[in-house]
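To start, the structure under review is shown below, and the notes come after it.
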Amino acid sequence: MTETKNKKIPLHILILAGMVIGIAWSIAASNINGGAAWTTAYIKPFGTVFIKLLQMLAIPLIITSIISGIAGLRDINKLGRIGGRTLMLFTVTCLASTILGVSLASIVKPGAAIPEQTKTELIQSYQEKTSGLIEKAQDNTGTAMDMITEMVPNNIFYAMSNNGLMLQVVIFAILFGIALTKVSDSKSGIVIQLIDGLNETFMQLVMLVMIIAPIGVFALIASISFDTNVFLSLLYYMLTVIAGLAVILFILYPLIIKLFSTITYKKFFKTMQPVFLMAFSTSSSAATLPVTMDKVSNGFNIKKEISDFVLSLGTTINMDGTALYQSIAAVFIAQATGMELTTGQLVIIALTATLSAVGAAGIPGAGMITLIIVLDAVEIPIEAIALIMAPDRLLDMFRTVINVAGDACGAIAVSGMEKSVNSNEKRC
């Protein structure tokens with residue numbers, strides 16, 4: 001007698017189902033008296049818990065992954081090569097994204113399509129929220145040297161308790177990993193074994209958390225409110241951002257993958273489906289990181305010391321989607337307020353958006369705070385940021401997909417470069 005095996009429904013299908021049901025719930029709740037408030041009070045908390053669980057694991061995973069990866073290399077020259085290539089690739093793609101954003105916004109001119117009445121209503125509606133964001137941005141504003149000093153932690157335990165200081169955690173993990181390679185094998189072996197064990201344990205914890213992913217995704221999507229009238233008035237702006245993100249995802253990244261690896265883009269997209277769905281629904285590259293690590297390492301057969309290092313670094317400094325969004329948003333706001341931007345100002349926007357995207361935390365809404373720095377650089381009225389607040393949550397979902405796709409693309413490219421170096425060394 002043959003036993004029939006129960007086929008499990010793939011996780012990404014369940015997540016997609018959660019998203020679809022969440023959208024249906026959000027639309028239905030907005031048309032029922034008190035439905036939106038009830039959803040916020042009793043449904044949204046499940047999504048918040050899900051996000052917190054993933055964020056809880058992000059920093060421990062980053063620390064153990066980077067230390068384990070560097071210790072596994074046992075070669076500082078190799079680490080320098082991988083790190084240098086990673087930073088170079090991330091800088092090039094980020095700058096390309098901002099240039100694309102500025103160019104698109106200048107050609108399409110989405111800011112010219114907003115009626116005066118809509119501008120006034122939006123600025124009045126979001127006046128209080130705008131003031132809060134400006135205060136936060138002013139607290140974080142500093143010189144280039146301030147940014148460098150802020151990268152180094154003075155208290156690693158404080159940095160580990162704050163998702164906004166993830167770059168400090170990365171710096172500590174890199175230094176710890178380098179120091180570990182200098183310790184004798186007899187002593188470092190115990191530490192490496194412990195860290196490897198912790199890393200595997202955290203990955204298993206991720207798998208446990210992912211069991212409730214469909215419920216968490218449903219709760220997050222269901223709690224988003226959509227104002228159709230406002231969205232229609234900002235349609236050109238939204239379509240400009242989405243078009244730019246599509247160019248990055250379907251043209252820039254495939255080109256990079258083709259240049260540096262043998263992986264087809266079809267396989268890339270198929271393997272990354274669950275990651276993209278997770279990024280879209282959570283709007284957090286940090287929360288998505290555990291899933292990204294699993295899919296990139298196992299799905300593309302990339303060495304963990306390379307994939308985990310590149311992905312951990314990418315989550316903190318590689319924000320192509322955010323960079324493009326900020327450059328388009330800055331030009332859009334300038335157009336909407338009647339400002340004529342010079343070529344010099346457009347260049348400043350592109351450069352500032354690149355730098356501010358690096359400083360954006362991998363959490364929902366962080367890009368809005370750093371956008372204020374971009375606006376301030378070319379003296380665009382900061383209060384007019386209210387014009388783009390309504391669709392920001394939705395666009396945040398789209399740009400987070402690009403951010404995590406860029407991290408995965410970087411890991412594949414760097415791995416391909418390393419394979420090429422190893423092949424050349426063997427020939428010699």
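Some observations on this one:
- Counting 0.36 nm for each residue step from ASN77 to ASP185 and taking away their Cα separation leaves a gain of 37.0 nm.
- Helices of the chain meeting both criteria, an alpha-carbon length of 30 angstrom or more along the long axis and an average Kyte-Doolittle score not below -0.5, with helices taken as full DSSP H segments, are 44-73, 76-108, 185-209, 392-427.
- In straight-distance terms, cross-link reach from LYS8 covers every one of the lysines whose alpha-carbon lies under 24 Å from its own, apart from those fewer than eight places away in the same chain; here that gives LYS266, LYS267, LYS270, LYS295.
- Helix-derived mean residue ellipticity, 222 nm - over the chain, DSSP H n ≥ 4, -39500 (n - 2.57), to 500: -26000 deg cm²/dmol
- Here the chain has 64 percent of its accessible surface on carbon and sulfur atoms, given a 1.4 Å probe and all protein chains in place.
- Net charge contributed by nearby residues that have their C-beta within less than 15 Å of TYR236 (K/R +1, D/E -1): +2
- Those trypsin sites (Lys or Arg not before Pro) in region 3-65 that DSSP places in a loop and that have at most 12 other beta carbons within 10 Å: LYS5, LYS7, LYS8
- Counting only GluC sites (Glu not before Pro) that DSSP places in a loop and that have at most 13 other Cβ atoms within 10 Å, the longest clean stretch of the chain runs over 4-339.
- Residues GLN273 and ILE23, FRET efficiency given R0 of 22 Å [Cβ-Cβ distance, rounded to 0.05]: 0.75
- Translational diffusion coefficient (Stokes-Einstein; Kirkwood radius from C-alpha pairs) of the chain at 37 °C, 0.692 mPa s, in µm²/s: 146
The values are calculated or read from the model by the stated rules, or taken from the named source; none is laboratory data. Because the structure is a prediction, the values reported are computed rather than measured. FYI the Cβ positions are ideal-geometry reconstructions off the backbone, even for glycines, and counts take in every protein chain you see. Remember, those area values only see protein heavy atoms, side chains included, never the ligands or the DNA or RNA. Shrake-Rupley method; radii C 1.70, N 1.55, O 1.52, S 1.80 Å.
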